[in-house]
1. What number of residues within the range 33-51 are under 17 Å from residue 225 (Cβ atoms), more than 16 Å from the ligand (Cβ to nearest atom) and assigned to a loop (DSSP other than H, G, I, E, B)?
2. Would you check which residues across the range 210-234 are part of a helix (DSSP H, G or I) and either on the phi > 0 side of the Ramachandran plot or crowded, with 19+ Cβ neighbours inside 10 Å (or both) and list them?
3. In the range 112-139, how many are under 21 Å from residue 161 (Cα atoms), over 17 Å from the mean Cα position of the chain (by Cα) and not in a helix (DSSP H, G or I)?
4. (1) farther than 30 Å from residue 264 by Cβ; (2) within 20 Å of the chain's Cα centre (by Cα): which one isn't true of residue 203, the others all being true?
5. Give the residue that is nearest to residue 241 (Cα to Cα), with candidates limited to residues of the range 101-110 that are surrounded by fewer than 21 Cβ atoms within 10 Å (Cβ to Cβ) and within 16 Å of the ligand (Cβ to nearest atom).
6. Do we have residue 282 as at pLDDT 95 or above and farther than 26 Å from residue 343 by Cβ here?
7. Which one of these is surrounded by fewer than 24 Cβ atoms within 10 Å (Cβ to Cβ) and in contact with a helix residue (DSSP H, G or I) (Cβ under 6 Å, 6 or more places away or on another chain): 40, 85, 77, 47?
Ligand SMILES: Cc1ncc(COP(=O)(O)O)c(C=O)c1O
């Protein structure tokens with residue numbers, strides 16, 4: 001499907017990034033992914049007896065309780081959804097009305113912004129500046145806030161930069177939002193890659209926090225589509241009722257598998273953490289050798305977002321990498337920063353090593 005053909009009844013509502021990821025990101029040395037490589041069903045200790053096909057009601061109790069226990073919340077605050085993607089959609093659909101003003105970080109994970117627009121938001125932006133380490137600045141947010149702001153949206157860790165926002169900063173954002181009765185939506189899908197026990201969540205930072213996450217990025221379980229929202233029980237109920245208009249009930253076999261995965265989460269986490277720590281070291285060593293790149297180096301996570309020091313866009317680099325070097329990274333234009341590209345470190349170590357070598361060759365080539 002061509003990008004220009006993707007205009008449906010509701011015009012330009014689609015995600016250029018997801019379309020690119022599905023059709024053009026694949027390569028022999030794929031550094032475009034942002035999550036742990038996909039596990040196979042054989043990586044989970046699961047038997048057919050663990051599965052069942054059908055279950056009705058508002059969420060599968062054992063799964064809601066597992067998630068609630070993990071984050072120290074009540075099960076009435078948990079809403080499950082198909083991946084963090086649909087968790088974001090459902091949360092935003094419940095958190096504002098069409099025409100409401102919402103404040104989004106920039107640079108941004110584009111599908112989430114596109115979803116907000118699709119749901120009808122009037123979107124305003126606050127900057128996370130490269131020169132400032134992609135930090136969330138409460139002052140920037142405050143400057144954009146109006147009486148009409150209903151929601152402030154942040155990814156933590158930040159996609160694309162991988163930068164962590166600390167609890168004190170988030171608390172300040174929560175207080176600023178509270179002044180106009182707005183909520184703060186924190187997408188924590190990459191926060192899982194801190195592999196803390198118990199994992200932190202911004203939900204505990206104030207009454208107006210809502211968070212989303214999934215088992216996708218840190219655990220290689222994208223195929224389960226196991227996502228969730230944590231919100232206060234009243235909002236959570238509204239989301240369940242709204243979901244009756246969307247998927248109505250969940251895929252029960254996936255709910256069951258998610259419980260199985262959560263029972264084994266510590267082992268899955270230990271393996272993932274070892275791989276990511278090792279691979280991050282490789283990327284840092286590569287970056288040490290490149291004076292043509294400047295980069296904010298996050299301590300955690302699965303991605304980094306270097307910029308060409310020359311100030312050129314990365315179009316030529318990405319094309320050369322793909323066509324000659326069989327390697328892909330994500331062009332920064334998908335994150336509103338065309339002089340950057342995003343490199344993922346959570347894939348296979350051999351592919352990362354080979355991909356980085358090729359990235360170096362392509363960078364040398366565009367210089368000469
Ligand atoms: C910030 C962010 N949110 C959500 C998602 C999608 O997560 P899931 O696969 O669980 O739907 C991604 C995937 O790239 C992401 O980067």
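The values are calculated or read from the model by the stated rules, or taken from the named source; none is laboratory data. This is a predicted model, so every value here is computed, not measured. Backbone-built Cβ (ideal geometry, glycine too); neighbour counts: all protein chains shown.
1. Result for the range 33-51: 4.
2. 216, 217, 218, 219, 222, 224
3. Qualifying residue count, the range 112-139: 7.
4. Exception for residue 203: condition (1).
5. Quick first cut of the range 101-110, residues surrounded by fewer than 21 Cβ atoms within 10 Å (Cβ to Cβ) only: 101, 106, 110.
From what is left, the residues that are within 16 Å of the ligand (Cβ to nearest atom) are 106, 110.
Numbers: 106: 31, 110: 27 Å.
Only one residue tops the list, namely 110.
6. no
7. Values: 40 fails: in contact with a helix residue (DSSP H, G or I) (Cβ under 6 Å, 6 or more places away or on another chain); 85 fails: in contact with a helix residue (DSSP H, G or I) (Cβ under 6 Å, 6 or more places away or on another chain); 47 fails: in contact with a helix residue (DSSP H, G or I) (Cβ under 6 Å, 6 or more places away or on another chain).
Answer to the selection: 77.
To keep it simple, each residue is scored yes or no on (1) closer than 29 Å to residue 19 by Cβ; (2) surrounded by 21 or more Cβ atoms within 10 Å (Cβ to Cβ).
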site: 264; (1), (2): no, no
site: 311; (1), (2): yes, no
site: 346; (1), (2): yes, yes
site: 355; (1), (2): yes, yes
